[in-house]
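Take a look at this one; I'll ask things after.
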Amino acid sequence: MTQPEFLSQPAPFDGPAFEALLSDLSRRAAEVDQQGSWPEWQLSRLAEEDVLGWVIPVEYDGSELDGEFLIFGYERLATACLTTTFILTQRNGACQRISGCDNDDLKAELLPDLVAGRLFATVGVSHLTTSRQHLSRPAVLATETDDRFILNGQIPWVTGAKFADYVVTGGTCEDGQQILIALPTSLPGVTMEEPASLLALNGSQTGSIALQDISVDRRFLLAGPVKGVMQQGQGGGTGSVATSSLAVGLVGRSLAHLMRESDRRPDLTEVVEPFADEWSQLRADLYASARGEGTATTPHLTSESIRQRANSLALRSTQALLAATKGAGFVSGHPAERGIREAMFFLVWSCPQPIVSAALREFACLVD
Ligand SMILES: Cc1cc2nc3c(=O)[nH]c(=O)nc-3n(C[C@H](O)[C@H](O)[C@H](O)COP(=O)(O)OP(=O)(O)OC[C@H]3O[C@@H](n4cnc5c(N)ncnc54)[C@H](O)[C@@H]3O)c2cc1C
């Protein structure tokens, strides 16, 4: 299922050790899903296989992969265990924001320990991008003093909040400018709320963080104050191809199960083939987009088009697997049942409004 022909050259990490990591993650994925517990062992396996350095520059002990290899890694890991891979993307989102900032002292302080797995960071920025955008008051209010920022409010969504040493998060000042900061979670006034019970990915231990008069030293500042701080610097970004690679990985898992079913049941062949063709085309476009091959004349290579198609295929392929596996697939813990719930996640996570609208139009059979 790897089909490395989509890559310009073999991924630097691909080999027996990575295959062993994938089978370790895959073997325990159902357990992570069923128990909803934090996948600590899985994250330590990622550290052992140097996966934690993928988005961190070489000068800070990382391996800073090219975009297409990062996408390939995410896709393959998501096929094995979506929960672990999702946590990795949120952690990498934090690392990318730290790596991409101008604060050299903070980078030298945090990045080597993040690569080694001695520190865990995560990201809580949805209130600046996709969450609570219809509300007039900012979710997190930032007040600037001479050498500090005072934060008050609530960070609505933070994956792995309780396990984090740092949360990359933002606040909005009274004048509308925003800051991005690596918030040490040990500061007085930071309260981790109990993680919400979710439809899927409970192992991500995603919850909100309440901030009451948090006083943060300016040395933790990553960007701002500036208008639209999330549009500055680097990071996967809302609805990026990195987010799509996880949905594509889930499709790969569903199709592998569907293909195994069809080996014994020729009646399934007529649906497996078009699904496999669609997946193959989507993967080709995903990797072309990750290599930066999109131009004004290739609308199918925009991150928005790819995410929209990935969401749709994830929903349809997991439902096809459920229909094919019948009542057995409806039993809690069956790969079809898990896949269905995991596909729903892509409708709400890092999903910009145009992609939500496209999904709603598809559900209502409104053809564009
Ligand atoms: C499992 C999971 C993990 C996540 N992890 C992270 C993470 O680690 N970091 C991170 O930054 N983000 C994370 N997110 C957040 C995610 O990317 C989205 O930002 C989030 O799902 C948006 O949902 P919301 O309910 O906050 O949206 P909101 O837009 O705040 O919607 C909330 C409610 O408001 C109402 N509403 C919405 N729009 C309107 C409107 N225009 N007018 C009136 N009412 C409206 C609706 O009733 C809706 O149910 C995570 C999300 C999930 C589900």
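All of the numbers you see were taken from the coordinates with simple rules; none came from a lab. This is a predicted model, so every value here is computed, not measured. So basically every Cβ, Gly included, is an ideal-geometry build from the backbone, and we count neighbours across all protein chains shown.
Let me make sure I get this right: for segment 4-116, a, b and c are the square roots of the gyration tensor eigenvalues over alpha carbons, sorted descending. Under 1.5 in a/c it's rounded, otherwise prolate if a/b > b/c, else oblate. Which is it? Don't jump to the answer; show the numbers that get you there.
On the way: a/c = 2.09, a/b = 1.32, b/c = 1.58.
Oblate is the answer for segment 4-116, as a/c is 1.5 or above yet b/c matches or exceeds a/b.
At 222 nm, what helix-only mean residue ellipticity would the chain give, in deg cm²/dmol to the nearest 500, using -39500 (n - 2.57) for each DSSP H run of four or more?
Numbers: 10 runs with 170 residues, N = 368.
Using -39500 (n - 2.57) per qualifying helix, the result is -15500 deg cm²/dmol.
Test of understanding: express the Cα radius of gyration of the chain as a ratio to 2.2 N^0.38 Å, with N the residue count.
0.99
Still on this structure: Which value, in debye to the nearest 20, describes the size of the charge dipole of the chain about its Cα centre when Lys and Arg Cβ atoms bear +1, Asp and Glu Cβ atoms bear -1, and nothing else is charged? Before the final figure, lay out the partial values.
Working: 28 positive and 45 negative charges, 204 e Å.
Using Cβ point charges on Lys, Arg, Asp and Glu, the chain gives about 980 debye.
Below 13 angstrom from the Cβ of Ser186, what's the summed charge of the other residues (Lys, Arg +1; Asp, Glu -1)?
The answer is -1.
In addition: Which residue, Ala328, Ala29, Ala310, has the most motion in a Gaussian network model of the chain that connects Cα atoms within less than 10 Å?
Looking only at Ala328, Ala29, Ala310, the largest GNM fluctuation is found for Ala328.
When the label point is put 7 Å from the Cα of Leu187 along its Cα-to-beta-carbon vector, which residues of segment 123-154 have a backbone N closer than 16 Å?
Counting backbone N atoms under 16 Å from the label point, the list is 123-125, 139-154.
May I pose another question? By its C-alpha gyration tensor, with a ≥ b ≥ c as the square roots of the eigenvalues, how is segment 68-182 shaped: rounded for a/c under 1.5, else prolate for a/b larger than b/c, else oblate?
Details: a/c = 2.26, a/b = 1.45, b/c = 1.56.
Oblate shape, in that a/c is at least 1.5 and b/c is the bigger or equal ratio.
Right, another one. Most mobile of Gly153, Gly171, Gly339 per a Gaussian network model of the chain (Cα springs, under 10 Å)?
Most flexible of the set in this elastic network: Gly153.
Here's something else I'd like to know. Could you identify which residue out of Arg316, Arg283, Arg27 has the top mean-square fluctuation in a GNM of the chain using Cα springs shorter than 10 Å?
Most flexible of the set in this elastic network: Arg27.
Next question, about the same structure. Out of the DSSP beta bridges found with both residues in the chain, what percent are antiparallel (nearest 5)? Can you show the working numbers first?
Values: 26 of 31 bridges.
The answer is about 85 percent antiparallel.
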